[in-house]
Amino acid sequence: MDKPVFKRILLKLSGEALMGSLSYGICEDTIKEIARQIKDVKELGVDVCTVIGGGNIFRGVKGAAMGMDRASADYMGMLATVINGLALQDALEKMDVQTRVISAIEMREIAEPYIRRRALRHLEKGRVVIFVAGTGNPYFTTDTAASLRAMEMGADVILKATKVDGVYDKDPMVYADAKRIKTITYIEVLDRNLRVMDSTAISMCMENHMPIIVFSIKEYGALKRIVLGENLGTLVK
C-alpha cells in the first residue's frame with residue numbers, strides 16, 4: 001500500500017459541495033460519495049477532521065443583504081452547518097466510520113461542545129471529527145473556522161473541496177480560456193483577490209505556514225490521491 005504524505009488533514013467542505021445536482025439542500029448520493037472518500041483516507045491511517053459550511057441551506061451574508069440583522073443572519077448560517085454536519089455523520093457511521101460532531105455553539109443533545117483537548121483525543125482514537133457552527137461568532141466565515149481548527153488540531157494541510165479542480169486565473173465557468181494555477185503564494189492570492197478562502201483565513205494560514213490544497217470533490221478518489229501525494233488541484237503555500 002502507498003504511504004500517505006500527510007498524517008493529519010483538515011477537510012474544508014462547503015455547503016454547496018453537498019448539493020450535487022440539486023439547487024438546494026443535501027443530495028443523498030453526493031454525501032455518500034464524500035463519506036466514502038473520507039473512509040478511504042481513514043483506512044490509510046490518516047487522522048481526518050472537517051469543517052463544513054451551510055451555504056446549501058442558508059448563508060448569513062445573503063440574509064444580511066435581504067435586510068436581516070447581520071449577526072442574526074450569521075447565527076442562522078451557523079445552525080445550517082450543524083444540519084450538514086449531522087448528515088455527514090450519519091453517512092459516515094453507516095459505513096462503520098466512528099465520528100464526533102463538535103459544535104462551537106453549545107447544543108449538547110446533538111453535538112459535543114468544542115473543547116480543544118477533547119477534539120484532539122477523538123482524533124488520536126481514530127475518530128473523524130466534524131466541526132460545525134463555524135467559530136461560534138458572527139462576521140467570521142467557515143473558511144476562517146477551517147484555518148483556526150487546522151492550527152488548533154495540528155493538521156499538516158487544509159484540503160479545500162470545491163466544485164472546480166483548483167484555482168484559476170479567471171472564472172472557468174465564464175471564460176473558456178481560463179487556466180488552472182498549479183502553485184501560488186498566499187500573497188498572490190491576496191493581491192489578486194482570488195477567491196480561494198477569505199482574506200482572514202488566508203492571512204492566518206500565511207502567518208502559521210499552513211498549506212492549502214484546493215481540489216474538486218467531484219473528481220473520483222481525489223481526496224485519497226492527494227493524501228497519497230498526487231499533484232491535483234492548486235497548492236497555496
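Read the figures in this text as sums done on the coordinates, not as results from a lab. Predicted, not measured: the structure shown is a model, and the values here were computed from it. In this analysis, Cβ positions are derived from the backbone assuming ideal geometry, glycine residues included, and neighbour counts consider all displayed protein chains.
Summing charges over all other residues whose Cβ lies under 14 Å from the Cβ of L44, with Lys and Arg as +1 and Asp and Glu as -1, gives +2. Expressed in units of 2.2 N^0.38 Å, where N is the residue count, the Cα radius of gyration of the stretch 129-237 is 1.06. In the stretch 61-191, the inverse of the mean reciprocal separation of distinct Cα atoms equals 17.0 Å; this is its Kirkwood hydrodynamic radius.
Report summary: the helix-based calculation at 222 nm, which adds -39500 (n - 2.57) for every DSSP H run with n ≥ 4 and divides by the residues of the chain, gives -11000 deg cm²/dmol. If you sort the three axes of the alpha carbon gyration tensor as a ≥ b ≥ c, you get a/c under 1.5 for the chain, which makes it rounded. Measuring nothing but how far apart in sequence close Cα pairs (under 8 Å, 6+ apart) lie, relative to its length, the chain scores a relative contact order of 23 percent. Output the antiparallel fraction of DSSP beta bridges having both residues in the chain, as a percent to the nearest 5. Of the beta bridges lying entirely in the chain, close to 15 percent run antiparallel.
A178 sits among other residues whose Cβ lies under 15 Å from its own Cβ, and their net charge, with Lys and Arg +1 and Asp and Glu -1, is +3. Among 109-118, 228-237, the peptide with the highest mean count of other Cβ atoms within 10 Å heads the list, and the full ranking is 228-237, 109-118.
Protection proxy ranking for 29-39, 165-175, using the average of other Cβ atoms within 10 Å per residue and placing the highest first: 29-39, 165-175.
Membrane-span-like helices in the chain (whole DSSP H runs, Cα extent of at least 24 Å along the helix axis, mean Kyte-Doolittle hydropathy of at least -0.5): 70-93. Here the stretch 91-196 is treated with +1 on each Lys and Arg Cβ and -1 on each Asp and Glu Cβ, and its dipole about the Cα centre works out to around 220 debye. Note on the chain: with charges restricted to the Cβ of Lys and Arg (+1) and Asp and Glu (-1), its dipole about the Cα centre is near 400 debye. Counting every C-alpha pair in the stretch 111-176, the share spaced more than 14 angstrom apart comes to 67%.
Need one number for the stretch 1-73: average projected area of the convex hull over its C-alpha atoms, nm². Result: 6.3 nm².
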